[in-house]
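The values are calculated or read from the model by the stated rules, or taken from the named source; none is laboratory data. The structure displayed is predicted, hence computed values, not measured ones. When we count neighbours, we look across all protein chains shown, and the Cβ atoms used for this are built from the backbone with ideal geometry, even at glycine.
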Amino acid sequence: MDDQTRSAVRDFQTKKGLPADGIVGPPTERALVDASAEGAAKQEPTPSGNGQPPQGANGQAAQGANGKEPQKNGNGQAPPQAATGQEEFFGTFPELEFPDTELGLEAEFENWHAELHGGKRNGCGCHGGKPQLETSFEGEGGGAHRRKSVPLTLGIAGDPKIIDLTAKADTSRRIRIRPPEKVQALVLHQMACCYKVKDPLTRFLKMAPHFAILPDGRILQIHPLQAYTPASNGFNAGSVAVEFAGNFPSTKGKWYMSKRLKTEAQRKANQNQVTPQQIESGRYLVQYLIRAMGLKTILAHRQSSGTRENDPGPDIWFNVGQWAIDNLGLKDGGPGFKVGTGNPIPDLWRKWGQVKPQPELEIGNYEGEWEAPPTPGGSNGASALKYVKDLSGPAAECTEALKRAGKTNAEALKLINAQIAVAIAMLRKSSAALKRGSRSSSTIATFQKIFRVKPGYVPTWLKQTATIKDRGDVVAKRCERVADLLASGRIKFFCTINSTNCPDCSNDAAPFACSSWGDESKAPKSSRVVCLGHGFWNDMKAGNTNSMISTIMHEPFHIYYGKYVTAHVSDRGKFGGINCIVQFVFETNSRTVPGRVKERCRHMPVRK
């Protein structure tokens, strides 16, 4: 909040007989809400001939773009209004056409966020009293106000996967009770802190958002759904809020950093990544809220606050918000939608899973109050060509390949090393997800969809060992070993496909890639080789990151496990083929699966 706004807050507090501290705490918030309601009542439109206000298409009083009754044209009809793309959203949330005033747009975040970092209540601890939670709300109808009783327990989850902390939470955060039918949106936030805290079941009791999702996937409910809390600026009236614990990067690989973090270790510990468990729980919460409150809209905090540009950040938005839009039919207000000082959702957030730049290319530029120094190995933070030191093969072949990709040798090597790093991380994450005793319902469902059996299924061909007991263990071990092979840096990558570079391949350079059969190769001493084809270099030019990762991930399976296990034939192959494993890895990492991978997996029989 700037000095001018702080001064305006103090003037408002003085007029209302409140302590003039310039902080928008619950008493000031309540006064602002009441003042806004009084102002809206004064602007009530003149009734029509039937004693009712003129109605628009959405049942609201007809208004022009500036909130006033539109002027009529020569034939006595109101002129048509220009489409804004927001009519459908405001039809659902008409109260958001008059968002909270600028006085309340930025300050409410300061108040509870300071507590997460160890600050005192309202920044100074001077508001000792706790306003009582209202147990009724103002109804509308016939121009007369009436009060309706609303049970306090309404909107408290009875779901076993959601930990109910509403009875222990700070009730002063609950400004008033809202009509349940008015609450139809979920706003996604990131805490920008608090990835690891000693006791999260007590640490977050004073925060304003309704839910928190911890790195281990636990979902905490702090406030009932119908409680109005100062969590989301201009979206407060019609939404509930969820905070993901952690400090997550922007599309530029930048993290918010507080001056309170004095040491390198503290700063490093506050540079976090969203966990698969948080994504899974975020999706679960969305589906729960659809059942519990008829959730229709999902929003980002940045849409209502000019100071929260990376809230919740691209990873949370793409994997939870955009996922809900694409798969569950929720709305986000449409392109360009925002309220107050907010900013629209960037297009890059909406397709982040397809175009996400890799971490090795991003480390070293951080936003906020502190800027991290670059890590050793160059300004891009990547260790010098960790997995592939140079491309192999005749210079003429590499020149042609690089020309197809539109890259220099250095640029191509940087990209290949970056995608290898991502493939390794994805494989290891999927392997961990299949650990017996830790398999989530989502992981089991994904596995069954792809492999047509559950991970706990024991195939007739499997010779069980101490570590490999079922089909899930087989896939987990395959992923783990291929990740290790990629990480070893022992694979040579050739610039084109031919039988000279890769003895087990033909001379057709058109495919994405070809590799050896490992110990079953025609030339076992030259068996750790991958020949990159036109398809791969075309992907590099087009920026098709997921397709490049798929190719890099696919070929080492042939090298490690050989022809019998991994040949693309229908009469053998123990677990559905490489394409099914690659599809599983992509889906458990919330990445879009290349179409060719899904199609080939679908047609691959599974030997039971």
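Computed quantities for the displayed model
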item: Segment 441-473 - residue that is surrounded by 21 or more Cβ atoms within 10 Å (Cβ to Cβ) and of a type in the set (Val, Ile, Thr) and, of those, nearest to the chain's Cα centre (by Cα); result: THR443
item: Residue list for segment 260-270, restricted to those being within 21 Å of GLY313 (Cβ to Cβ) and either loosely packed, with under 12 Cβ neighbours inside 10 Å or over 21 Å from the mean Cα position of the chain (by Cα) (or both); result: ARG260, LEU261, GLN266, ARG267, LYS268
item: Counted residues, segment 213-255 - those being within 21 Å of LYS198 (Cβ to Cβ), touching a helix residue (DSSP H, G or I) at 6+ places or on another chain (Cβ under 8 Å) and assigned to a strand (DSSP E or B); result: 5
item: Residue in segment 271-287 that is under 14 Å from LEU328 (Cβ atoms) and surrounded by fewer than 18 Cβ atoms within 10 Å (Cβ to Cβ) present; result: yes
item: Only one of LYS435, LYS463, LYS454 that is closer than 21 Å to LYS563 by Cβ, assigned by TED's automatic domain parsing to the domain that holds THR566 and not hydrophobic (A, V, I, L, M, F, W, C); result: LYS463
item: Unmet criterion (only one of (1) at pLDDT 85 or above; (2) exposed (fewer than 13 other Cβ atoms within 10 Å of the Cβ)) for ASP170; result: (2)
item: Single residue of VAL240, VAL286, VAL274 found to be farther than 17 Å from VAL183 by Cβ and aliphatic (A, V, I, L, M); result: VAL274
item: Residues satisfying the stated conditions in segment 262-274, i.e. under 20 Å from ASP311 (Cα atoms) and in a loop (DSSP other than H, G, I, E, B); result: ASN270, GLN271, ASN272, GLN273, VAL274
item: Residues being at pLDDT 90 or above and in a strand (DSSP E or B) - total across segment 178-212; result: 8
item: So ASP216, is it closer than 30 Å to LEU427 by Cβ and of a type outside the set (Gly, Ala, Ser); result: yes
item: Conditions (1) at pLDDT below 90; (2) touching a Gly at 6+ places or on another chain (Cβ under 8 Å); number of the one not met by PRO160; result: (2)
item: Filter result (polar (S, T, N, Q) and not in a helix (DSSP H, G or I)) within segment 393-423; result: THR408
item: Cβ-Cβ under 8 Å pairs, at least 6 apart or on other chains, segment 389-400 side on the phi > 0 side of the Ramachandran plot, far side surrounded by 12 or more Cβ atoms within 10 Å (Cβ to Cβ) and outside any helix (DSSP H, G or I); result: GLY393/PHE494; GLY393/CYS495; GLY393/THR496; GLY393/ASN501
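Conditions tested, residue by residue: (1) closer than 23 Å to MET426 by Cβ; (2) without any contact (Cβ under 8 Å) to a residue 60 or more places away in the chain; (3) out of contact with any Gly (no Cβ under 6 Å at 6 or more places or on another chain); (4) surrounded by 18 or more Cβ atoms within 10 Å (Cβ to Cβ).
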{"site": "THR251", "(1), (2), (3), (4)": "yes, no, yes, no"}
{"site": "MET257", "(1), (2), (3), (4)": "no, no, no, yes"}
{"site": "ILE290", "(1), (2), (3), (4)": "no, yes, yes, no"}
{"site": "GLY294", "(1), (2), (3), (4)": "no, no, yes, no"}
{"site": "ARG308", "(1), (2), (3), (4)": "no, no, yes, yes"}
{"site": "GLN322", "(1), (2), (3), (4)": "yes, yes, yes, yes"}
{"site": "LEU330", "(1), (2), (3), (4)": "no, yes, yes, yes"}
{"site": "GLY334", "(1), (2), (3), (4)": "no, no, no, no"}
{"site": "GLY340", "(1), (2), (3), (4)": "no, no, no, yes"}
